[in-house]
Amino acid sequence: MCKNNQFTKDNLTSWNLFRKNYEQNDIQKIIIWNYSDIKINNKTLYYKNWHEKGILYLEHLFDFRHGKFYSFDNMQYLYQIPNCQYLKYLQLVNSIPKAIQT
């Protein structure tokens, strides 16, 4: 697709260079919802009730100090997420590529 379209090729190349040069603070500010690299069944995610609770960025899910996701218990404490949304939590954290987490 990009072989014959120089504009698209240049844009993709620039985007990849930009993403590789992220600092940790930039990674923390990746917006979770409708982000093209965070998908389930090839569809981006949006949990309206989580968004309304203030969960917007990767930093709201991932503890960069310890290099791991907050546990569901921690998420419940921080954002008052009900027990019945445990599967949503698992889907979301498992859909985030390892390259973004580091």
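Read the figures in this text as sums done on the coordinates, not as results from a lab. Since we're looking at a predicted model, the values are computed, not measured. Cβ atoms come from the backbone with ideal geometry, glycine included; neighbour counts cover every protein chain shown.
Summarising the label geometry, the points placed 7 Å from Cα in the beta-carbon direction at residue 86 and residue 40 lie 1.5 nm from one another. Could you please report the charge total around residue 70, scoring K, R as +1 and D, E as -1 over all other residues with beta-carbon less than 15 angstrom from its beta-carbon? Spelling it out: positives minus negatives among the neighbours equals +1. Over all other residues within a Cβ to Cβ distance under 10 Å of residue 97, the charged ones net out to +1, with Lys and Arg as +1 and Asp and Glu as -1.
Neighbours of residue 85, meaning other residues whose beta-carbon lies under 15 angstrom from its beta-carbon, give a summed charge of +1 when Lys and Arg score +1 and Asp and Glu score -1.
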